[in-house]
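Values in this text are rule-based calculations from the coordinates and carry no lab data. Model, not experiment: these values are computed from the prediction. Positions of Cβ are backbone-derived with ideal geometry, glycine not excepted, and every protein chain shown enters the neighbour counts.
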Amino acid sequence: MLKFTETLIPTLKEDPVEAQVVSHKLMVRAGLIRQLAAGIYTWLPMGLKVLRKVEHIVRQEMDRSGAQEVLMPAVQPAELWKESTRWEQYGKELLRIHDRHDRDFCFGPTHEEVITDLVRKNLQSYKQLPANFYQIQTKFRDEVRPRFGIMRGREFLMKDAYSFDLNVEGLDQSYERMFQAYKRIFQRCGLAFRPVEADTGSIGGASSHEFHVLADSGEDTIASCSACDYAANLEKATAAPAPAATAAEAAADMTRVETPTQKTIEEVASALNVSPAQCVKTLVWRDAESDAWFLLLLRGDHELNEVKATNIAGAMSFMPEPGDVASALGVQVGFLGPVGAENFPVDVRIIADHALKGAHNMVCGANEAGWHLRGVNWNRDLAAPEFADLRNVVEGDGCPRCEAGKLKLNRGIEVGHVFKLGTKYSEALNVSVLDENGRGVNPIMGCYGIGVSRIVAAAIEQNHDDNGIVWPINLAPAQVHVIILNPKEEAAALTAVDMARRLEHAGLEVLLDDRDERPGVKFKDADLLGLPVRLVVGGRSFKEDQVELKMRRAPEPIKLPKNDAVDYIT
Ligand code: ATP
Ligand code: MG
Ligand code: MG
Ligand code: MG
């Protein structure tokens, strides 16, 4: 059993000032994690127990799905990344290092190259396929804005799996198997989640799904239908087609604008097929020195307005209404629209959201087909900025699948991602296996990630109250929190230890609070730590041969005869 006096559980009364979201606050206050550097954390004993629980569930379900566990190196040679051309493409998120011989390496943000290299060297025949390899391992991504504690860390724990199949049908099966395994994993973690269609980026045609935990503090926005099971992230979501006359205009509106940062508002407006007066150019950037975010609005009338927002991220997470967010930013929603417009339909949260993700420049415009928002990503060190559509729907649009329901927007935390990769890496790295006819073919790949450490934070976002964490049973660091009310009451203390032992014997995990602290302190810490069952031994009830049992989710404790308590719980 874990004894409080022998375990490092440095609980805090106050919220840490730097924490913006509840999971970050509670993880620090409950003594689960401590920060070492920006986005880099130590897991303390109670936090690590939770992390291991998630890992255990993930490992069991991956094994059950037929994937094989491997453990690849965290440090990877640049040569492999040059073969896939990602050494040049990946940008600053890739932490590049070199050894004493001045050879280039990186700390792996993902492992497509390494696994593909392993397969090319060790698999020769179709008889060895299908194969799916997974690992649970530390990743490093030099995120532009590490925040929310371990939710967006720079060093974090990921489960990544990579499937290899001979043909497309095989890939479909591997993908489906992973999809089902993911559903089981998030269910077992006790999370309310939703799989949504996701953008496949440069690899068109193939499919991709993200798994989102629904939470207001989520950094992503997902659209889902009120009537059918259509759900997609905002990059991917579409609305039901517009009437024929305006559909053509909408198509014209999709024209690519190559370098919007260098264009005048008139040029942008003409590319978007809207009038300059209907155009708003939004620039958002971060001042590294003051750590403040700036929002610059360039209206169609060329008026420049600079607005300083000390913390867009905080505003985004806690202000449910666009109007609130706008006021937190020091702007009015109407102000974001064309001159005189009352209701600007593009949610300012979306702008801030995408800005934080690296789309530092956005252009909004409208024509008869509706409003459009587009962004450019400066984050990836691309020679020419990539100009992507950020958003095709707004709240209340018709569903593109059933056309009967309306789209609703929710915030989500991306905890998993499955992706049909195709032959991108097996071609780039020249992987060939012999098929049944002795012909060499490139295996078709899929990749499947889960944010193991992010799940811990996501679970807290969904399961907490004013007093602390309320762990889902399968993730709790231990199930029972036994409190010795006063260690000086010897008989009660002995009984508590004995009960803890019996609970353990019955297969439960127990934390024994054996500290010489005031009862109030112990109760507060118990609520903060959030174990599902609390058992208090001592005081007046003990003299009456009773103990107090309280479920973390229940409002009040109940009293039980002390001899029945263990049986009652087990
Ligand atoms: P995000 O959109 O949040 O940046 P991603 O799409 O870049 O995530 P993937 O490459 O799909 O991430 O990685 C697989 C999983 O790893 C994600 O679904 C997420 O749960 C987790 N993950 C990614 N980045 C981080 C991070 N910085 N901190 C913690 N977990 C992360
Ligand atoms: Mg990312
Ligand atoms: Mg993502
Ligand atoms: Mg992803």
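Quick notes
- Cβ-Cβ FRET estimate between R540 and A74, R0 fixed at 51 Å, reported to 0.05: 0.40
- Reach of K524 by Cα under 25 Å, taken over lysines that are not fewer than 8 positions away in the same chain: K3, K13, K25, K49, K53, K488, K543, K550, K559, K562
- Theoretical FRET efficiency, 1/(1+(r/R0)^6), r = Cβ-Cβ of R501 and I558, R0 25 Å, to 0.05: 0.65
- Simple label model, 7 Å out from Cα along Cβ direction - L95 to S125, nm: 4.2 nm
- In the range 99-217, the alpha-carbon atoms span a convex hull of 168 Å³ per residue.
- Mean-position separation - Cα centroids, the range 55-132 and the range 418-492, in angstrom: 18 Å
- Partners of K424 within straight-line reach, counting lysines whose Cα lies under 26 Å from its Cα and excluding those fewer than 8 residues away in the same chain: K82, K92, K121, K127, K139, K159, K236, K357.
- Contour excess over end-to-end distance, with Cα ends at F179 and D104 and 0.36 nm allotted per residue: 23.4 nm
- Spin-label pair A240/V144, simplified geometry with 7 Å Cα→Cβ offset, distance in nm: 3.6 nm
- Tail beyond 24 Å, pair distance distribution of the range 1-148 (Cα, percent): 53 percent
- For the range 88-94, 3J(HN,Hα) per residue [Karplus equation, 6.51 cos²θ - 1.76 cosθ + 1.60, θ = phi - 60°, Hz, x = Gly/Pro]: 7, 7, 6, x, 7, 5, 7
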